[in-house]
Each structure stands twice: as C-alpha cells, then as structure tokens.
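Heads up: the structure comes next, in structure tokens.
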Amino acid sequence: MTDFEAKLERFETLAAECDLIGKLSADAAKRELYLRLGQHYRELADDMRTVIATKNAA
C-alpha cells in the first residue's frame with residue numbers, strides 16, 4: 001500500500017466516523033459540524049483518488 005492509498009483509506013474512515021457521530025448527535029450545532037466535517041473528508045478522499053489515478057497513469 002502506498003502512502004497515498006493509506007491517506008485515502010484514512011480520509012474515508014474519518015468521513016464515515018464523522019457521519020456516524022453527526023447522525024447520532026442530539027445537538028443540532030454538533031450534528032451540522034460533524035456532517036460538514038464528514039463532507040470535507042469525502043472531498044479530500046476524492047482529491048486523493050485523483051492523485052492516485054494521475055500517478056498510476058504516468
């Protein structure tokens with residue numbers, strides 16, 4: 001596993017954990033915070049997929 005793949009896996013894990021915490025949170029502000037944070041980690045994972053694809057194509 002490359003460093004990029006490890007980071008991709010970590011971002012995906014963090015996104016899933018944030019989504020779970022957000023869905024379970026009773027506090028609306030915390031729920032919104034964690035759901036937005038999960039979205040940010042998904043965006044980072046998408047960016048990492050692009051980097052991996054570009055690297056593999058080269």
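Here are the numbers:
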item: Cα-centred dipole magnitude for the chain, charges only on beta-carbon of K, R (+1) and D, E (-1), debye, nearest 20; result: 80 debye
item: On Cα atoms only, tilt of 28-57 relative to the major axis of the chain in degrees; result: 10 degrees
item: Matching label, Cα extents along the principal axes in Å computed from the structure shown, candidates [x] 50, 35, 7; [y] 34, 17, 16; [z] 47, 16, 11; result: [z]
item: Helix-only CD estimate at 222 nm, as mean residue ellipticity for the chain, using -39500 (n - 2.57) per DSSP H run (n ≥ 4); result: -32000 deg cm²/dmol
item: Over the chain, relative contact order from alpha-carbon pairs under 8 Å, at least 6 apart, %; result: 43 percent
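Values quoted throughout were computed directly from the atomic coordinates according to the rules given, and no laboratory measurement underlies them. Keep in mind that what you see is a predicted model, and the values were worked out from it rather than measured. As a convention, Cβ positions derive from the backbone with ideal geometry for all residues, glycine included, and neighbour counts pool all protein chains shown.
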